[in-house]
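S.K.: The following block contains the structure, expressed as structure tokens.
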Amino acid sequence: MFAKRLLGQDPAEMYDAGKRHSDHFLRVLKQATELYFEDARRWALMLGTNWENLRRGWAWAVSYSGEDVDAARLCVDYMDAGERWFTLHLSPEEHASWTREALESARLLDDIPAEAMNLIRLSNAYTRVGRYQEAREVSETALELYRQIGNKAGEGGALNSLGACHQTLGDTASAEHCYRGQIRIAGELGDPQGEARGRGNLGVLYRKAGKHEEAIREISVGARIFQEIGDRREEAGARANLGTVYLEKGDLDRAGQEQEKYLRMARD
């Protein structure tokens with residue numbers, strides 16, 4: 001507030017100051033994001049301390065994004081760097097609004113990969129607010145874009161998002177088809193993490209359909225892959241899901257074993 005008072009009201013000066021501010025806090029956001037897997041506490045502290053300035057930096061970029069290429073790029077970059085934080089700290093409605101701004105900026109820049117990625121984010125945001133049909137439609141659009149540009153990794157991610165939409169809408173067969181497509185693409189790309197996530201999603205789908213043996217098979221394979229690549233955070237989630245399946249199946253001993261594994265990993 002003090003700095004703003006000193007600046008006066010010269011439009012060019014205000015623009016330059018706002019851009020420098022927005023640029024600076026994008027760098028803060030990127031630096032914090034690099035910390036997430038090393039030290040989640042420092043990540044949260046760094047972004048929590050700077051949250052108001054991050055919001056202001058984003059707001060400046062949005063205010064000029066329709067007419068300024070640099071501001072439009074800032075919108076796209078803010079959403080890329082802050083995706084995890086924004087999902088956690090914005091209301092579902094606000095998160096959808098921010099994602100639409102990033103989507104429009106990507107279109108202005110003719111950045112098709114960024115457009116497709118923000119469509120997937122928008123699908124996730126719409127799911128959170130219960131707009132399931134719209135979530136499915138934007139996931140389908142993202143899938144088409146990734147296929148047009150031949151981005152197989154993006155196609156796998158879009159299939160994952162679309163599978164979640166079909167699952168929410170109760171279309172188990174379409175959801176299974178999407179998840180299997182995601183698993184196939186991950187195998188083609190040599191992406192063990194993508195395969196493990198796809199198998200975990202498929203396992204949860206089977207669990208909700210009452211197919212406990214199929215659920216155990218898929219989630220167990222996913223957990224083993226996460227263990228092999230050393231992703232303990234994802235493995236912990238898989239162990240928790242596996243414990244839930246055994247619990248619903250009535251195998252309390254195995255359910256307890258898997259939940260204890262989950263608890264040990266979560267503490268670590």
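S.K.: Identify, by number, the condition in (1) modelled with pLDDT of 95 or more; (2) open to solvent by less than 30 Å² (accessible area, probe 1.4 Å); (3) not acidic (Asp, Glu) that Gly194 doesn't meet.
M.R.: Failed condition: (1).
S.K.: Being more than 15 Å from Thr87 (Cα to Cα) and of a type in the set (Lys, Arg) is the filter here; which residues of region 38-60 pass it?
M.R.: Arg41, Arg42, Arg56
S.K.: Give the residue that is least open to solvent (accessible area, probe 1.4 Å), with candidates limited to residues of region 55-93 that are acidic (Asp, Glu), modelled with pLDDT of 95 or more and closer than 26 Å to Met14 by Cβ.
M.R.: The residue in question is Asp77.
S.K.: Moving on. In the set Arg27, Arg41, which member is at pLDDT 95 or above, surrounded by fewer than 18 Cβ atoms within 10 Å (Cβ to Cβ) and not small (Gly, Ala, Ser)?
M.R.: Being at pLDDT 95 or above, surrounded by fewer than 18 Cβ atoms within 10 Å (Cβ to Cβ) and not small (Gly, Ala, Ser) holds for just one of Arg27, Arg41, which is Arg27.
S.K.: So, in region 99-129, how many residues would count as being of a type outside the set (D, E, K, R), modelled with pLDDT of 95 or more and out of contact with any helix residue (DSSP H, G or I) (no Cβ under 6 Å at 6 or more places or on another chain)?
M.R.: Number satisfying all stated conditions: 2.
S.K.: Moving on. Among the residues of region 114-137, count how many are under 19 Å from Gly156 (Cβ atoms) and either over 15 Å from the mean Cα position of the chain (by Cα) or of a type in the set (Phe, Trp, Tyr) (or both).
M.R.: Residues in region 114-137 being under 19 Å from Gly156 (Cβ atoms) and either over 15 Å from the mean Cα position of the chain (by Cα) or of a type in the set (Phe, Trp, Tyr) (or both): 1 in total.
S.K.: Still on this structure, please answer the following. Among the listed residues Leu35, Leu47, which satisfies the condition of being among the hydrophobic types (A, V, I, L, M, F, W, C), surrounded by 20 or more Cβ atoms within 10 Å (Cβ to Cβ), farther than 24 Å from Arg131 by Cα and free of Cβ contacts under 8 Å to residues at least 60 places away in the same chain?
M.R.: Unique residue meeting the criteria: Leu47.
S.K.: Given the structure, is Asp111 closer than 23 Å to Gly18 by Cα and open to solvent by 20 Å² or more (accessible area, probe 1.4 Å)? Working first, answer last.
M.R.: Numbers: closer than 23 Å to Gly18 by Cα: no; open to solvent by 20 Å² or more (accessible area, probe 1.4 Å): yes.
In short, no.
S.K.: I've got another one for you. Which of (1) open to solvent by 60 Å² or more (accessible area, probe 1.4 Å); (2) under 21 Å from Ala116 (Cα atoms); (3) in contact with a helix residue (DSSP H, G or I) (Cβ under 8 Å, 6 or more places away or on another chain) does Glu137 not meet, given it meets every other one?
M.R.: Status for Glu137: all satisfied but (3).
The values are calculated or read from the model by the stated rules, or taken from the named source; none is laboratory data. These figures come from a predicted structure and were not determined experimentally. Don't worry about glycine lacking a Cβ; one is built from the backbone with ideal geometry, like all the others, and counts go over all protein chains shown. Heavy atoms of the whole protein, side chains included, go into the accessibility calculation; ligands, DNA and RNA do not. Shrake-Rupley method; radii C 1.70, N 1.55, O 1.52, S 1.80 Å.
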